[in-house]
Amino acid sequence: MFAAEGFVKQKNIGNVNLWFIEDGTEKFHFPEDFFKVKTKYLEYLTARKEKLAYNLIRNSFHSTTQPVKLITEIIVPAIQSVYDIFDQGKIGKSELNFLEKIISNSIQIINLGNFEVDMKKNVIMISADYQSTLFSEAASASFHADGWQVYSLGDMSSSIDVLFDLDLQKFLTKVWKSGMGIMVIVIFSSTAESMKFFAESVNSIKLKSRKNLYLAVCGDMKKSTEIKADLIEEDIQAVLQWSQTTFESSIS
């Protein structure tokens, strides 16, 4: 398995095959090593050690039975830390883009895992602005690892217009057929304006749709005081837990 995953490399010297372990490969023991990996990942990330960051996440992914916690306890805090040091002026936009790419690729290492999916658990992820995209990607991977059928739409800020609710309704009818359990639409937003627009669009669809369609808004709760939603939260893990509870209630 380790050779297939790229942890072990082969080098030919004459008639001799040498096998060596890739840098950054280490056996971890979870849950006790979560803090250790969290610290090391942020260290690799801020030092721009791209390959070591990927190896660390890949290695951790194969060392734990809790892939969701890799995202919520390691990657999500790293996202926030990177944006904090950018806001403090310690890195520029070019470096921010580079670090965002590393984080996005790290998320995909987990997201591409072979998870068993329950087709009755459906979720659409919407990022209302570019700044929320990585959080949306992290949530998508978390839901996927927890057995949800995930439709991640990415940054939808360019779709803010009067026809968006019709556009989303059309997509919804294609991916969520009658009798296919529940559908949760999760909106990630860093601004009150975009949060309000997308929430109102989804609510207009809910008025015309069948039951078991739910709206969760994930963002700064101080900016969501006028938002109508089934759940308003700042924590991805809390959104996931609420969605699972809502699903269980719908089938009981």
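Given the condition in a loop (DSSP other than H, G, I, E, B) and in contact with a His (Cβ under 7 Å, 6 or more places away or on another chain), answer yes or no: does some residue in segment 100-123 qualify? Yes, there is a match, as at least one residue in segment 100-123 is in a loop (DSSP other than H, G, I, E, B) and in contact with a His (Cβ under 7 Å, 6 or more places away or on another chain).
Among the residues of segment 30-41, how many are surrounded by fewer than 17 Cβ atoms within 10 Å (Cβ to Cβ) and either part of a helix (DSSP H, G or I) or in the same structural domain as Gly219 (by TED's automatic domain parsing) (or both)?
Pass one, segment 30-41, residues surrounded by fewer than 17 Cβ atoms within 10 Å (Cβ to Cβ): 30-33, 35-36, 39.
Filter once more, so that each one left must be either part of a helix (DSSP H, G or I) or in the same structural domain as Gly219 (by TED's automatic domain parsing) (or both): 35-36, 39.
Residues in segment 30-41 being surrounded by fewer than 17 Cβ atoms within 10 Å (Cβ to Cβ) and either part of a helix (DSSP H, G or I) or in the same structural domain as Gly219 (by TED's automatic domain parsing) (or both): 3 in total.
Screening the candidates Ser178, Ser201, Ser157 for the property of being in contact with a Ser or Thr (Cβ under 7 Å, 6 or more places away or on another chain) and assigned by TED's automatic domain parsing to the domain that holds Gln241 yields one hit, Ser157.
Listed here are the residues, each with its yes/no results for (1) among the basic types (Lys, Arg); (2) surrounded by fewer than 13 Cβ atoms within 10 Å (Cβ to Cβ); (3) more than 23 Å from Asp155 (Cβ to Cβ); (4) at pLDDT 95 or above.
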| site | (1), (2), (3), (4) |
| --- | --- |
| Ala4 | no, yes, yes, no |
| Thr25 | no, no, yes, no |
| Phe28 | no, no, yes, no |
| Thr65 | no, yes, yes, no |
| Ser81 | no, no, no, yes |
| Phe86 | no, no, no, yes |
| Asn97 | no, yes, no, yes |
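Scoring Ala141 on the criteria (1) assigned by TED's automatic domain parsing to the domain that holds Asp230; (2) buried (at least 21 other Cβ atoms within 10 Å of the Cβ); (3) touching a Ser or Thr at 6+ places or on another chain (Cβ under 8 Å) leaves a single failure, condition (3). Suppose we keep only residues that are without any contact (Cβ under 8 Å) to a residue 40 or more places away in the chain and of a type in the set (Val, Ile, Thr) within segment 105-132. Which one would you say is nearest to Arg48 (Cα to Cα)? Residue satisfying both the conditions and the ranking: Ile107. Looking at the structure I just gave you, is Asn212 in contact with a strand residue (DSSP E or B) (Cβ under 6 Å, 6 or more places away or on another chain) and on the phi > 0 side of the Ramachandran plot? Yes: the conditions hold for Asn212. Assess whether Asp146 counts as being under 14 Å from the mean Cα position of the chain (by Cα) and of a type in the set (D, E, K, R). Here the answer is yes, as Asp146 does meet what is asked. From the set of residues in segment 171-205 that are of a type in the set (D, E, K, R) and more than 15 Å from Ile232 (Cβ to Cβ), which is surrounded by the most Cβ atoms within 10 Å (Cβ to Cβ)? In this case the residue turns out to be Glu193.
The values are calculated or read from the model by the stated rules, or taken from the named source; none is laboratory data. Everything numeric here is computed off the predicted structure, so don't read it as measured data. Quick reminder, even Gly has a Cβ in these numbers, built from the backbone with ideal geometry, and neighbours come from all protein chains shown.
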